[in-house]
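Asks: Below you'll find the structure I mean.
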Amino acid sequence: MYLKKMSKNDKAVSPVIGVVLMVAITVILAAAIGSSVFGQGTSESAPQANLDIEAAGIISSNSTAIIKIEHLGGDPINFDTTKVMASVNGGNSQPITAALGTVTVGDIKTLYLIDDASTANPKEALKDNSGTSPVPMKSGNTVNIKIIDIKTSQLICDKDVRF
C-alpha cells in the first residue's frame, strides 16, 4: 500500500523540470546572441569626402568629355583603391580606368571620358540607355559619375553632370 501512495505523489517533479529547462534555454540563447554580437569585428567604412564634380567641356574631334573633380573636404581619396563608374543618359554604368592618384582637400583632378568607338579599347566606350552603340558626347548629354570604395563596396560620391 505504501508503494501505491508513493507513485501518486509526483506533484513537484514537473515545476522543477520546467524551471531547469527554462534556465538552460535562457543560457543557450544568451550565449548564441552574445557570440554573434561580440564575434563581429569592427566594420570598416569608406572614406568620407565632399567632392564637386562638374563638366569642363567636350573635345569634339574625338568625342572626349572632360570632367573636373574637386576635393572640397573630408578624407583623402586614393583612386587606386576606388572604382569610377560612368553612364551616359541613363545607360548602364561602365568602369572608367583613370590614373588620378590620391586626391586631398583642395586638389582638382581632370577625368577624360573617351566614348568614341574608335578608341584603343572600344569595349570601354560609354553607351546610352539603348546600349547598342557608343554615344558621341555632345551638349545636352548627362553623365552620371559614381565613385565607389573597392575595399568596403560603399559609395563615396554619386553625381550627375550635364554638358
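The values are calculated or read from the model by the stated rules, or taken from the named source; none is laboratory data. Remember, it's a predicted structure, so these values are computed and weren't measured experimentally. Here the Cβ is made from the backbone with ideal geometry for all residues, glycine too, and neighbour counts use every protein chain on show.
Asks: In the range 39-49, is there at least one residue being of a type in the set (S, T, N, Q), out of contact with any helix residue (DSSP H, G or I) (no Cβ under 9 Å at 6 or more places or on another chain) and outside any loop (DSSP other than H, G, I, E, B)?
Replies: no
Asks: If you scan the range 23-49, which residues turn out to be among the polar types (S, T, N, Q) and in contact with a strand residue (DSSP E or B) (Cβ under 9 Å, 6 or more places away or on another chain)?
Replies: SER45, GLN48
Asks: Let me ask something else about it. Does ALA120 satisfy being loosely packed, with under 13 Cβ neighbours inside 10 Å, at pLDDT below 85 and among the small types (Gly, Ala, Ser)?
Replies: Numbers: loosely packed, with under 13 Cβ neighbours inside 10 Å: yes; at pLDDT below 85: yes; among the small types (Gly, Ala, Ser): yes.
It is true that ALA120 is loosely packed, with under 13 Cβ neighbours inside 10 Å, at pLDDT below 85 and among the small types (Gly, Ala, Ser).
Asks: What's the number of the condition GLN94 fails, among (1) modelled with pLDDT under 85; (2) under 17 Å from GLY57 (Cα atoms); (3) surrounded by 13 or more Cβ atoms within 10 Å (Cβ to Cβ)?
Replies: (2)
Asks: Going through ALA49, ALA55, ALA24, ALA30 one at a time, which residue ends up being touching a Phe, Trp or Tyr at 6+ places or on another chain (Cβ under 6 Å) and at pLDDT 80 or above?
Replies: ALA55
Asks: Consider LEU111 carefully, then state whether it is in a strand (DSSP E or B) and modelled with pLDDT under 85.
Replies: Here the answer is yes, as LEU111 does meet what is asked.
Asks: Return the pair list, or none, for Cβ contacts closer than 8 Å from residues in the range 141-163 that are in contact (Cβ under 8 Å) with a residue 24 or more places away in the chain to residues that are β-branched (Val, Ile, Thr) and surrounded by fewer than 14 Cβ atoms within 10 Å (Cβ to Cβ), at least 6 apart or on different chains.
Replies: Between residues of the range 141-163 that are in contact (Cβ under 8 Å) with a residue 24 or more places away in the chain and residues that are β-branched (Val, Ile, Thr) and surrounded by fewer than 14 Cβ atoms within 10 Å (Cβ to Cβ), the close pairs are ASP149/THR81; ILE150/THR81; LYS151/THR81.
Asks: Within the range 64-83, is there a residue that is at pLDDT below 80, surrounded by 10 or more Cβ atoms within 10 Å (Cβ to Cβ) and not in a loop (DSSP other than H, G, I, E, B)?
Replies: Start the filter on the range 64-83 by keeping residues that are at pLDDT below 80, which leaves 64-65.
Pick out the ones that are also surrounded by 10 or more Cβ atoms within 10 Å (Cβ to Cβ) and you get 64-65.
Now drop any that are not not in a loop (DSSP other than H, G, I, E, B), which leaves 64-65.
Within the range 64-83, one or more residues are at pLDDT below 80, surrounded by 10 or more Cβ atoms within 10 Å (Cβ to Cβ) and not in a loop (DSSP other than H, G, I, E, B).
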